[in-house]
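Have a look at the structure below before the remarks.
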Amino acid sequence: MSAARTTGRQRGGIEQRGDTLRVSVYAGLDPVTGKRVYLRETVPGTDKAAEKRAEKALTRLLAQVDAQRVPETSVSLSHAIDEWMRVNEIEATTRHTYQGYIDRTIKPAIGSSPVKDITPRVLENFYAELRQCRIRCKGKAFIVHKTEHEHDCTADGCKAHLCRPMAAATVRQIHTIISGTMSTAERWQWITSNPARTAKQPRKKPPEPDPPSSSEAARLVEEAFRVDDDWGTLVWLVMTTGIRRGEACALRFSDIKGLDADLDSESGDVEGILEVRRNYVKVAGVSVEKATKTHQMRRIALDSETMTLLREHRDRVRDRLKAVDKQFTPNLFVFTGTRKDEDHSAPYSPNAVTQRYKDMGTRLGIDTHIHALRHYSATELLTAGVDLRTVAGRLGHGGGGATTLKVYAAWVAASDRKAAEILASRMPKRQRKPAS
């Protein structure tokens with residue numbers, strides 16, 4: 001073929017290049033870079049059969065361009081992710097987490113690939129590599145050197161690499177980042193479809209809550225009060241309300257309603273309400289007060305014993321402040337650090353709460369963590385027959401209890417069995433005929 005074959009205002013053509021035929025179709029301008037974009041395909045051979053295959057390829061590529069409202073962009077996945085992160089409205093903590101996954105894992109692996117080349121197969125292969133080893137080592141043994149200069153590996157403590165698979169939950173978060181990026185690229189008409197929509201991601205591990213038993217919970221709260229009354233009050237409150245660690249740290253005395261009410265002279269009971277409004281977290285070492293996880297304030301009823309403990313705690317704080325010539329105000333944080341000279345103007349560090357609780361459990365020989373008290377509160381209520389919607393409301397789960405049911409299904413089943421026995425006990429007993 002001596003000359004190029006063109007069609008339709010030179011939208012496409014076929015030209016001979018050596019012993020092959022190259023089919024080229026103009027697809028417009030790249031919406032990001034502004035450069036001309038071509039769809040190309042190479043057909044081996046130059047004979048009549050090759051020419052027919054090239055004609056078919058030309059027709060197919062022209063149809064592909066006609067089906068597209070705009071040409072696909074050739075920008076890299078890294079650029080698309082950066083643009084998505086720039087316009088995406090997410091919490092600061094989530095943004096910090098996502099940026100870590102982007103910088104450490106996504107960009108080094110597939111960040112340079114054009115978004116139009118990202119396919120479900122590319123994503124699934126990427127996820128499979130991460131599930132084998134988080135640094136995508138391809139399974140080859142190598143030594144992790146401490147320095148790039150000449151050295152003694154034994155003296156410097158260099159060790160052989162051991163594959164550490166990335167957790168399925170982490171890979172799913174990476175998939176969320178890529179899916180969000182590709183969905184935005186599709187909406188901005190950079191690509192025609194989102195490949196992450198059909199890519200298979202690791203199966204989500206079913207929730208396995210492991211709350212302490214009733215006897216273990218009793219030992220934990222006793223130990224907490226033995227160590228420190230303030231610490232004991234914090235553990236008691238988390239155990240009886242199921243609030244999150246950050247929510248407990250962000251509590252102020254003004255969030256406890258009924259704290260200043262007079263005790264009833266007969267029963268001594270005072271109705272108390274805990275208003276959970278904020279969450280206290282640390283992002284890259286910086287303390288941040290933000291909305292709750294569900295971005296909604298919730299109210300939790302408090303029993304009389306809890307109100308008594310909170311009232312005693314308030315009095316201790318007042319005496320502590322008075323000793324250093326400072327004024328108590330309802331805006332002070334309920335819980336602060338372990339030092340007695342704290343003025344409660346700063347909250348307890350969530351990480352310090354986690355570590356202190358973990359150390360306490362270790363001393364008692366109980367394998368537990370602070371979030372397990374949230375599980376304890378939920379399971380005790382469900383097994384006692386409290387309805388699912390009430391438990392979900394106390395925990396701050398949205399969806400009318402769907403999340404609670406998903407996480408605590410085993411204990412819901414136990415409550416359902418109890419409900420069945422209650423109903424059966426109210427039915428008239430059937431008279432059985434004697435066996436013949």
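In table form, for the structure just shown:
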| quantity | calculated |
| --- | --- |
| Candidate aspartates and glutamates - alpha carbon under 15 Å from LYS433, same-chain residues fewer than 8 apart omitted | none |
| Residues of segment 12-139: accessible area per residue with a 1.4 Å probe, Å² | 55 Å² |
| Most to least packed among 390-398, 155-163 [average Cβ atoms within 10 Å] | 390-398, 155-163 |
| Whole-number accessible area per residue in Å² for segment 187-246, which is evaluated in the context of all protein chains at 1.4 Å | 53 Å² |
| Convex hull volume per residue in cubic angstrom - Cα atoms of segment 305-436 | 207 Å³ |
| Listed peptides 18-27, 359-368, 57-66 by packing density, highest first (mean Cβ within 10 Å) | 18-27, 57-66, 359-368 |
| Proximal lysines relative to LYS204, as straight alpha-carbon distance under 29 Å, when same-chain residues fewer than 8 apart are discounted | LYS107, LYS116, LYS138, LYS140, LYS282, LYS290, LYS293, LYS358, LYS406 |
| Whole-angstrom gap from segment 176-193 to segment 358-429, using each part's C-alpha centre | 40 Å |
| Placed amide H near ARG252: partners under 5 Å, 5+ positions off or other chain | VAL334 |
| Under-5 Å amide H pairs with ARG298, H placed in peptide plane, nonlocal only | VAL276 |
| Three principal axis lengths of segment 184-267 [C-alpha, angstrom, descending] | 72, 32, 26 |
| Amide hydrogen neighbours beyond the local backbone of LEU21, cut-off 5 Å, H modeled | VAL43, GLY45 |
| Among 412-418, 240-246, the order from most to least packed when residues are scored by Cβ within 10 Å on average | 240-246, 412-418 |
| Convex hull of the chain built on C-alpha atoms - directionally averaged projected area, nm² | 42.2 nm² |
| For the chain: relative contact order, % (alpha-carbon pairs under 8 angstrom, 6 or more apart) | 11 percent |
| Whole-percent carbon and sulfur share, accessible surface of the chain, 1.4 Å | 49 percent |
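The values are calculated or read from the model by the stated rules, or taken from the named source; none is laboratory data. Note that the structure is predicted; figures quoted are calculated from it, not measured. Please note: Cβ atoms are built from the backbone with ideal geometry, for glycine as well, and neighbour counts cover all protein chains shown. Only protein heavy atoms, including side chains, enter the accessible area calculation; ligands, DNA and RNA are left aside. Shrake-Rupley method; radii C 1.70, N 1.55, O 1.52, S 1.80 Å.
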